[in-house]
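The structure appears right after this line, and notes come after that.
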Amino acid sequence: MPKIGFIGGGNMANSLIGGLINASYSAPDIIIAEPDEDRRQALNEEFKACTTENNSDTLQCDIIILAVKPQLLKTVCSELASKLNKLDSSPLFISIAAGVKSTDINRWLNVKNDDGASAIVRCMPNTPSLLQCGASGLFANDQVSDTQKKSAEDIMQAVGIVIWVETEDQLNAVTAVSGSGPAYFFLMMEAMQQAGERLGLSEEVSKQLVLQTALGASRMAIESDHSPAELRQMVTSRGGTTEQAILSFQNADYLQIVRDALQAANDRSISLADELGSD
Ligand SMILES: NC(=O)c1ccc[n+]([C@@H]2O[C@H](COP(=O)([O-])OP(=O)(O)OC[C@H]3O[C@@H](n4cnc5c(N)ncnc54)[C@H](OP(=O)(O)O)[C@@H]3O)[C@@H](O)[C@H]2O)c1
């Protein structure tokens, strides 16, 4: 089993470590570098993993997961750079920081091996990963071996499903679909709850009905052999109530509204990556 280091012991790291230990990874093979002493102690107590305040202690690991806020990634990588070049073999880096390109991470790590490059997997997870039902898009640069790809996949599968993309640019689309996606469904739930209240239901009753309907529809879409479009048609009887609601959505050009929203998220993901990697 590879030795895994985490830089940053916050929410996502917690979730990943919990998932890995559930999936039978051995806690002593996990090292977590985290500046906050209380958090280190909590991580120690919860997972019995090794903790340290020194990020470079993770350099003894086969895989290092960069789990700090995107704005901190440059500092963290630049600090590792000098020690990284003294190692016989360089670890695999998995970055879960939203928006930071692998070319920028590579530049900050500044590795001086024959390739002049580090093996980097960039990952875009989403918030349901915190409940181990996330969706992550992964991209590997040319230095990542097949064995390292498999290890990265196993790690991210501890918190949900994993999809590989062929080009790094596609992570912008992943960000627009699944990275930001939970918020679109929350918005729909919010709108439906409010509409139910306007129709005379109490706040609590409307909320319960909406949330259970969202769960049920999602499970049907995942578990059924039919596509979401087919499932929609199957519950839309001619002359019925659902048909009237769907017609109302279509008259407001619902599909175009969703297309525009995802395009806006995709475009913002591109401009954020440029801002984060600008120096
Ligand atoms: N949460 C999500 O669902 C989600 C989804 C997609 C992507 N991500 C990405 O995952 C990454 C982590 O997110 P998160 O929600 O886990 O954030 P978080 O809870 O703030 O965790 C980051 C951790 O890094 C620690 N840290 C700060 N400076 C550090 C340093 N120099 N060296 C080592 N550790 C340091 C922080 O400690 P202090 O609090 O003491 O500063 C904190 O414990 C982010 O880049 C984010 O973009 C998260």
Q: Using amide H atoms built 1.01 Å from N in the peptide plane, name the residues 5+ places from I65, or on other chains, whose amide H lies under 5 Å from its own.
A: G5, F6, I7, I94
Q) Under the definition of Cα pairs under 8 Å and six or more residues apart, what whole-number percent is the relative contact order of the chain? A) 15
(Q) Please list 3J(HN,Hα) in residue order for region 26-43, calculated via the Karplus relation 6.51 cos²θ - 1.76 cosθ + 1.60 where θ = phi - 60°; whole Hz, with x for glycine and proline. (A) 8, 4, x, 8, 10, 10, 10, 9, 8, x, 7, 5, 4, 5, 4, 5, 5, 5
Q: Would you please calculate the Kirkwood hydrodynamic radius of region 13-104 over all C-alpha pairs and express it in Å, rounded to one decimal?
A: 14.0
Q) Does region 135-193 come out rounded, prolate or oblate by the C-alpha gyration tensor, with a ≥ b ≥ c the root eigenvalues, rounded set by a/c under 1.5 and, if not, prolate when a/b is larger than b/c and oblate if not? A) oblate
Q | Eligible lysines near K83 by straight Cα distance, threshold 28 Å, same-chain separation 8 or greater | A | K3, K48, K69, K74, K101, K112, K149, K150
Q) In whole angstrom, and with the biggest value first, how far do the Cα coordinates of region 1-154 range along each principal axis? A) 41, 30, 30
(Q) Restricting to bridges with both residues inside the chain, how much of the DSSP beta-bridge set is antiparallel, in percent to the nearest 5? (A) 15
Q. Which ³J(HN,Hα) values in Hz, rounded to whole numbers, follow from the phi angles of region 62-72 under the Karplus curve 6.51 cos²θ - 1.76 cosθ + 1.60, where θ = phi - 60° and Gly and Pro get x?
A. 6, 10, 10, 9, 8, 10, 9, 4, x, 5, 9
(Q) I'm checking a number: the convex hull volume of the Cα atoms of region 104-204, normalised per residue, in Å³. What is it? (A) 116
Q: For the chain, state what percent of all Cα-Cα pairs lands in each successive 5 Å bin, counting from 0 Å until the bin that includes the largest distance.
A: 1, 5, 10, 14, 16, 14, 11, 9, 7, 6, 4, 2, 1, 0, 0
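We did not get these values from a lab; they are worked out from the coordinates using the rules stated. Keep in mind that what you see is a predicted model, and the values were worked out from it rather than measured.
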